[in-house]
Amino acid sequence: MSAITLEQAAKWCNGKIDSRYADVTFLGACNDSRKVQSGELFVALTTETRDGNDFVPAAMEAGAAAALCSRCDGDYPAIVVPDVRVALGDIARAERERLQMKVVGITGSVGKSTTKEMISLVLSKKYKTAKTPVNHNNDIGMPMAILSMPEDTEVGVLEMGMNHFKEMSYLTSIAQPDLAVIINIGTMHIEHLGSREGILHAKMEILEGLRPEGKMVFSGDESLLWNLRQSQPKTPVYFGTENMFCDVLGTDVQDYGDKILFQASAFGESCQIMLPVEGRHFVSDALAAVAVGRLLEVPMREIAEALAEFQNLEGRMELLEEKGFSIIKDCYNAGPESMAASLSVLGKRAGRRIAVLGDMLELGVGAPAEHYRIGRIAAMNADLIFALGPNAERVVSGALTGGMPPRAVNAYSDMEKLTDDLIRRAKPGDVLLFKGSRGMKMESVLERFLKEK
């Protein structure tokens, strides 16, 4: 990563500094005084529950080079600004331009992190590639990720998330992507965005920051995106498995349980690709990586080599063998699309299949219907269901309608009670799926289950 002086950063964000500290430099940024690394800029964010300025002394003691804050209460290097969040974005925007790297911006309702990892792996075959770390896809994390990218970065791969209108607009003004990738339009965050059309509109804000010669890479299997092909100033590049008119097409998909084989065709070239993952839904993410790789001139052979080495992030379709149980840990987040995909993976497993499902959040008025639908899907793929949350009874109703016997379906409002019953009923040899929205903390159920089994 490159060192930035306080003087330079202050100019970028119109901040004030003590001239004695003008030449102090920082490498990277962190907004947690407990995790700040030596030489980083401490970002003193103020929220409704805490004043970030109060944590500056602790951050400086931990080794922070300087602070970005709204007031300076001591004698330490600091950039003082009216709004720390906006100033962080201004500094990151200027640093993105200074690095002169190409940027791939990735958004979508589900699968952003997986696609980011695949694209980064593919591009690293040809370029010095940097990417956003886990959970750094919002208006704080993404700018900090840019500030932590090495000086010699040639391509930055940025995951970009949002759940309200204008949030993507802000992120893309900082990222200024050369390639804007939209992998799908699902129903996550529909509570705030009103409809899938509203979600589409919010995702399309990514194009506001697209560089003049930039390219759009969209899923051609998503009708809402395919229907935009003639309404854009330039034609998007499409990828998919269902729409035969896609520029990058996946065919002959073969599911071997622990790996997926498929034929990828891109701009007149083709090759077979092996993904060492479980679940056909990963093929679409891989095709997005093929599209980006070819647009940035990575050879097809090297793309295939990269994807064959893919390992997913912890908590995302993570496969574990513990204490005689086969466990699918997919606790990072959940929406109707990803929940259905995970249940499909469970359904292909041999042995007694147990689905431990937390609520899907931010679905608004559609929550009851979506949980009922997931219950019906679970009935086709699980032998036992443990559902947790306010909508657990809707999952049960759907499962019963789908043909499951009453004793096989259980609804809980209390995590401890669910875990107790799961510990009592699960037997070695069972296959367990743990899945739910981030706020449901389903990993806590798994951790206690493994500890006490």
Sum -39500 (n - 2.57) across every DSSP H segment of at least 4 residues in the chain, then divide by the residue count to get the 222 nm mean residue ellipticity, nearest 500.
-10000 deg cm²/dmol
What does DSSP give for segment 145-293 in terms of the percent of beta bridges that are antiparallel, rounded to the nearest 5?
60 percent
Under a cut-off of 20 Å between alpha-carbon atoms, report the lysines in cross-link reach of LYS128, not counting same-chain residues fewer than 8 places apart.
LYS102, LYS116
How high is the FRET efficiency between THR251 and THR401 when r is their beta carbon distance and R₀ equals 41 Å, given to the nearest 0.05?
0.70
antiparallel share of DSSP beta bridges within the chain, to nearest 5, in %, is 30 percent
Note: HIS164 to ASP75 extended length (0.36 nm per residue) minus current alpha-carbon separation gives 28.1 nm
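Taking Cα pairs under 8 Å and at least six residues apart, what relative contact order does segment 301-341 come out at, in percent?
Taking the mean separation of contacting Cα pairs over the length of segment 301-341, I get 27 percent.
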For ASP54 and LEU320, compute 0.36 nm times the residue count separating them, minus their Cα-Cα distance, and round to one decimal in nm.
91.6 nm
Where in segment 307-324 does the amide nitrogen come within less than 17 Å of the point 7 Å from the Cα of LEU450, taken along Cα to Cβ?
312-324
May I ask for the distance between the Cα centers of segment 264-303 and segment 61-113, given as a whole number of Å?
33 Å
Among the lysines, which fall within straight-line cross-link reach of LYS348, defined as a Cα-Cα distance under 20 Å, with same-chain neighbours fewer than 8 residues apart omitted?
LYS259, LYS329, LYS427, LYS435
On average, how much accessible surface per residue is there in the chain, in Å², for a 1.4 Å probe, leaving out ligands, DNA and RNA?
42 Å²
Between helix 415-425 and the chain: long-axis angle, C-alpha atoms, 0 to 90°, nearest 10:
40 degrees
Would you mind getting me the FRET efficiency between GLU242 and LYS35? Use the beta-carbon distance for r and R0 = 30 Å, nearest 0.05.
0.10
Pulled fully out, how much extra length does the chain show between SER173 and SER344, if you take 0.36 nm times their separation in residues and subtract their Cα-Cα distance?
57.8 nm
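Normalised by the number of residues in the chain, what is the relative contact order in percent for Cα pairs under 8 Å and 6+ residues apart?
Working: 1030 pairs, mean separation 47.7, N = 453.
Value for the chain: 11 percent.
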Among beta bridges assigned by DSSP with both residues in segment 4-120, the antiparallel ones amount in percent, to the nearest 5, to 25 percent
What distance in nm separates the two pseudo spin-label positions at GLU7 and GLN100, each 7 Å out from Cα along the beta-carbon direction?
2.3 nm
Nearby aspartates and glutamates by direct alpha-carbon distance to LYS126 (threshold 13 angstrom, same-chain neighbours under 8 apart not counted):
GLU154, GLU297, GLU302, GLU305
Candidate values (1) 47; (2) 67; (3) 50, label of the one derived for percent of Cα pairs over 30 Å apart
(3)
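The values are calculated or read from the model by the stated rules, or taken from the named source; none is laboratory data. For clarity, every value in this text was computed on a predicted model and none was experimentally measured. Cβ atoms come from the backbone with ideal geometry, glycine included; neighbour counts cover every protein chain shown. We work out accessible area using only protein heavy atoms, side chains counted, and drop any ligands, DNA or RNA first. Shrake-Rupley method; radii C 1.70, N 1.55, O 1.52, S 1.80 Å.
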